[in-house]
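Here's the structure we're looking at; comments come further down.
The values are calculated or read from the model by the stated rules, or taken from the named source; none is laboratory data. This one's a predicted model, so the numbers in the text were calculated from it and none came from an experiment. Cβ placement follows ideal geometry from the backbone for every residue including glycine, while neighbour counts extend to all protein chains displayed.
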Amino acid sequence: MRGAMFYGRHDLRLEDCPMPEVGEEEVLIEVKACGVCGTDVHIYEGDEGAAQVMPPTILGHEFAGVVAAVGDKVRGFRKGDRVCIDPNYYCGSCEFCRNGVSHYCTRMTGYGTTVNGGFAQYCSVNERQVYHLGDHTSFEEGAMAEPVACCLHGIDMCNICPGQHVLVFGGGMIGLLMVQLARLEGAARVILAEPVESKRKIGEKLGADITVDPFAKDMEKVLQEKGIHQIDVVIECVGKPETIEQAIKVAGKKSVVMMFGLTKPDEAISVRPFEIFQKEIELKSSYINPYTQGRALELIDSGRLDVSSMVCEICGLDKLDAILSDPVLRAKGKYIIAP
């Protein structure tokens, strides 16, 4: 089979790989769609993502496809089923798993990080991590269930109350999902801060009440002119120190600032403790997707969540290296690889 093997920083090779073995509790999936994630970019650049990658490894953790074979002990799936996966497989026996915080599992298996993933024609996955796609869900939409699941964990932690004002920094795939989820949580007004006009327009289509270019205008002044004097929740989806600092600056009193975007491991922000004290800001962050995959699929299949408008192109494995290495390409939107 063909697969995109990662050997180290800036070293991704499209090559012939052995077909995955299928264990007795595993499902062999013929991959039909695999999303390119910001975590893949971090790994490509030599940084650590949610899990440490030990090359050579086939990346890709957002994928969906068709069941090609099942192990002897698999009971919930059969050949031909349309499925997607939750890539994070917990051991169930470490201290964190036994205390209800399995996403900090010390022996976690990560498909597309610690073991081979979906940037290949086939991938073998433990049955526990496989989910049936709904009748109305395409493979491309199914591949987006993992990022939606991550967003659900983050939005849960924001504790948005109906009638509140929510500001989202960043109009990429994650930010546009957060805009929609904030509305579903009951936010009275959702503001999207995004410098790219085309992304602001998509944000408006997906439910942002106000969009603003954070570089072109004084954001606080613009919000006040729109009658917004209190931001209750700020969700930073860019992953840059300067936008995290800006998120803290515009946050209102008794607010939550969710640092959702993934920074480089060694980056730092400048925080004034007095400002945190004055406004009683809660600084939060969100790590992967504990037990939210099923909810993500329900939202996608029901049509309550649009995961397609931000997709700019579906392409083959031969374009993956260019996408990972070129920020200009990535700025156009979400890419889906169809192996």
Q: Check THR39, THR57 and return the single one that is surrounded by fewer than 23 Cβ atoms within 10 Å (Cβ to Cβ), in contact (Cβ under 8 Å) with a residue 12 or more places away in the chain and under 22 Å from the mean Cα position of the chain (by Cα).
A: THR57
Q | Residues of segment 8-26 satisfying the condition of being basic (Lys, Arg) and touching a residue at least 60 places away in the same chain (Cβ under 8 Å) | A | none
Q | Count of residues meeting criterion [part of a helix (DSSP H, G or I) and on the phi > 0 side of the Ramachandran plot] in segment 201-243 | A | 0
Q: Would you tally the residues in segment 1-47 being touching a Cys at 6+ places or on another chain (Cβ under 6 Å) and among the aromatic types (Phe, Trp, Tyr)?
A: 0
Q: Among the candidates PRO162, PRO195, PRO147, single out the residue that is within 24 Å of ILE244 (Cα to Cα) and assigned to a loop (DSSP other than H, G, I, E, B).
A: PRO195
**Q.** Members of segment 12-42 found to be over 19 Å from ALA143 (Cα atoms) and in contact with a Leu (Cβ under 7 Å, 6 or more places away or on another chain), listed by number
**A.** LEU12, LEU14, PRO20, VAL22, HIS42
Q: Give the residues of segment 95-144 that are farther than 26 Å from GLU313 by Cβ, in contact (Cβ under 8 Å) with a residue 60 or more places away in the chain, assigned to a loop (DSSP other than H, G, I, E, B) and among the hydroxyl-bearing types (Ser, Thr, Tyr), sorted by residue number.
A: THR114
Q) Considering segment 145-164 alone, what residues qualify as being touching a residue at least 60 places away in the same chain (Cβ under 8 Å) and either more than 18 Å from GLU298 (Cβ to Cβ) or among the hydroxyl-bearing types (Ser, Thr, Tyr) (or both)? A) MET157, CYS158, ASN159, ILE160, CYS161, GLN164
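Residues are listed down the side, and each one gets a yes or a no for (1) crowded, with 20+ Cβ neighbours inside 10 Å; (2) over 21 Å from HIS165 (Cβ atoms); (3) not assigned by TED's automatic domain parsing to the domain that holds THR137:
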{"residue": "MET219", "(1), (2), (3)": "yes, no, yes"}
{"residue": "GLU245", "(1), (2), (3)": "no, no, yes"}
{"residue": "LYS249", "(1), (2), (3)": "no, no, yes"}
{"residue": "SER270", "(1), (2), (3)": "no, yes, yes"}
Q.
Take the conditions polar (S, T, N, Q), surrounded by 14 or more Cβ atoms within 10 Å (Cβ to Cβ) and not assigned by TED's automatic domain parsing to the domain that holds ASN159 and apply them to SER325. Does it pass?
A. yes
Q.
Quick test for you: out of GLY261, GLY227, GLY203, pick the one residue that is farther than 19 Å from MET178 by Cα and of a type in the set (Gly, Ala, Ser).
A. GLY227
Q | Matching residues in segment 257-289 - criterion: being under 23 Å from CYS105 (Cβ atoms), of a type in the set (A, V, I, L, M, F, W, C) and assigned to a loop (DSSP other than H, G, I, E, B) | A | PHE260, LEU262, ILE288
Q. Has segment 187-208 got any residue that is farther than 25 Å from VAL307 by Cβ and either of a type outside the set (Phe, Trp, Tyr) or modelled with pLDDT of 95 or more (or both)?
A. no
Q: Working only within segment 18-69, note down all residues that are among the aliphatic types (A, V, I, L, M), under 16 Å from GLY110 (Cβ atoms) and in a loop (DSSP other than H, G, I, E, B).
A: ALA50, ALA51, VAL53, MET54, LEU59
Q | Counted residues, segment 286-334 - those being under 18 Å from GLU140 (Cα atoms) and hydroxyl-bearing (Ser, Thr, Tyr) | A | 3
**Q.** Condition met for GLY80 (within 23 Å of ILE174 (Cβ to Cβ) and either without any contact (Cβ under 8 Å) to a residue 60 or more places away in the chain or in a loop (DSSP other than H, G, I, E, B) (or both))
**A.** no
